[in-house]
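Written out below as structure tokens is the structure these notes cover.
Derivation of every value follows stated rules applied to the coordinates shown; laboratory data play no part. Being a predicted model, the structure only gives us computed values, none of them experimental. With ideal geometry, Cβ positions are generated from the backbone for all residues, glycine too; neighbour counts draw on all protein chains shown.
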Amino acid sequence: MIIDFHTHSFPDSLAPRAMASLIPTFTAIASFSPQTDGTASGAKKLLSEAGVSRAVVCNIATNARQEPKVNDYAISLLNDGFFCPLGSVHPDSENIESELDRLKAAGIKGIKLHPDYVRITLDDDRYDKIFAQLIKRDMFVVVHAGRDPISPDKIHATPEMFRAVIEKYPSLKIIAAHMGGFAKAEDVYRHLVGTGVFIDTSLSSLRDSEKEVLYKILSDHDENKILFGTDTPWSIPTREIEFIKNAPVSEEKKEKIFYKNALSLLGI
Ligand SMILES: [Zn+2]
């Protein structure tokens, strides 16, 4: 079984506009080429063909005004048994508690935060309230980590910042995306391997220059704290699967990475 812990889709009516705005940045700066039309049905088709049986959808509230609509979309995806949608809150929102309550009551298990999209670094105190409220509700958080094409010159969530978060909130279930930090593999190895921070493996197949360090991270990080992900539509799922299949780790650890750790975090 394979569970993909990191995918994106947009409501059908917004997908063409959302993709049109993201594609130029993503292809120019990072040579990511989109593999779907941005819709949920497009993601489901691509991932099913690659052998993925469930997909976590990482929705992002890029401003406080958008937050309820983003969460409405997340909740609407619950009707499709293929998806495990995540909600989102904005650090400046006045409705963090009520939105988290609404998500939790609907059956949503966690949220996604993207410090680069909101231009607030992960060491800002505005995240404290969010982390405390997540712990209270036993919800997890996926956070974009490392370089993002949307902010190529300033990284808003570094491996050092994740380390500080887990030291302050040891019981927080926090997932640092992209192996703990896109384009920051050496720093991930130094600061995050061996800590309680979860990492997802998304976009690994696009990181040739960091491949050796990524495999060292996979070998040495806690076997219970690594989750397979693709970042669909921004990478090719079969290549992301190959990357893990070829990793120098035991078959038991690969099973944990591909689905067992996801099942336990998602409570399914
Ligand atoms: Zn992503």
Worksheet, complete the sentence: What the Cα atoms of region 146-249 span along the principal axes, largest first and in whole Å, is 37, 33, 21
Practice prompt. Please work out the ratio of the alpha-carbon Rg of the chain to 2.2 N^0.38 Å and round it to two decimals.
Written response: 0.91
Discussion item. Viscosity 0.890 mPa s, temperature 25 °C: give me the Stokes-Einstein translational D for region 190-255 in µm²/s, with Rh taken as the Kirkwood radius over C-alpha pairs.
Written reply: 203
Fill in: Amide H contacts of C84 (H built 1.01 Å from N, under 5 Å, at least 5 apart or other chain)
A55, V56, V57
Item to complete: With the cut-off at 16 Å, report for region 152-191 the share of all Cα pairs above it, as a whole percent.
Response: 32
Discussion item. Using amide H atoms built in the peptide plane, which far-off residues or other-chain residues are under 5 Å from V142 H to H?
Written reply: I111, K112, L113, I175
Worksheet item: What are the ³J(HN,Hα) values, in whole Hz, obtained from phi via the Karplus relation 6.51 cos²θ - 1.76 cosθ + 1.60 with θ = phi - 60°, for each residue of region 141-148 in sequence order, with x given for Gly and Pro?
Response: 9, 9, 10, 4, 9, x, 5, 10
Worksheet, complete the sentence: Taking only the alpha carbons of region 1-99, the radius of gyration and the largest Cα-Cα distance, Dmax, both in angstrom, are 14.1, 41
Discussion item. Quick check on the chain: helices-only [θ] at 222 nm, where DSSP H runs of length 4 and up contribute -39,500 (n - 2.57) each and the sum goes over total residues. Nearest 500, please.
Written reply: -12000 deg cm²/dmol
Discussion item. What are the ³J(HN,Hα) couplings of region 156-164, residue after residue, when phi is run through the Karplus curve with 6.51, -1.76, 1.60 and θ = phi - 60°? Round to Hz, x for glycine and proline.
Written reply: 9, 9, 9, x, 4, 5, 4, 4, 5
Item to complete: Could you give log10 I(q)/I(0) at q = 0.09, 0.17, 0.18, 0.23 Å⁻¹ for region 45-159, computed by the Debye formula over C-alpha point scatterers of equal weight, without solvent?
Response: -0.24, -0.83, -0.92, -1.29
Fill in: In nm, spacing of pseudo-spin labels at R207 and S250 (7 Å Cα→C-beta vector)
2.4
Fill in: the chain: relative contact order in percent, alpha carbon pairs under 8 Å with at least 6 residues between
20
Worksheet entry | Two-site label geometry, K216 and L78: point separation in nm, points 7 Å out along Cα→Cβ | 4.4
Item to complete: Could you grab the relative contact order for region 48-174? Cα pairs under 8 Å, six or more apart, rounded to a whole percent.
Response: 22
Worksheet item: In sequence order, what are the phi-derived ³J(HN,Hα) couplings for region 7-16 according to the Karplus relation 6.51 cos²θ - 1.76 cosθ + 1.60 with θ = phi - 60°, rounded to whole Hz, with x for glycine and proline?
Response: 9, 10, 8, 10, x, 3, 6, 9, 3, x
Worksheet item: Using every alpha carbon pair in region 51-95, what percent of pairs falls into each 5 Å bin from 0 up to the bin containing the largest distance?
Response: 5, 25, 27, 18, 12, 8, 3, 1, 0
Worksheet item: On full extension of the chain, what length is gained from E160 through T121, given 0.36 nm per residue of separation minus the C-alpha to C-alpha distance?
Response: 12.9 nm
Worksheet item: Under a point-charge model restricted to the Cβ atoms of Lys and Arg (+1) and Asp and Glu (-1), what is the dipole moment magnitude of the chain relative to its Cα centre, in debye to the nearest 20?
Response: 300
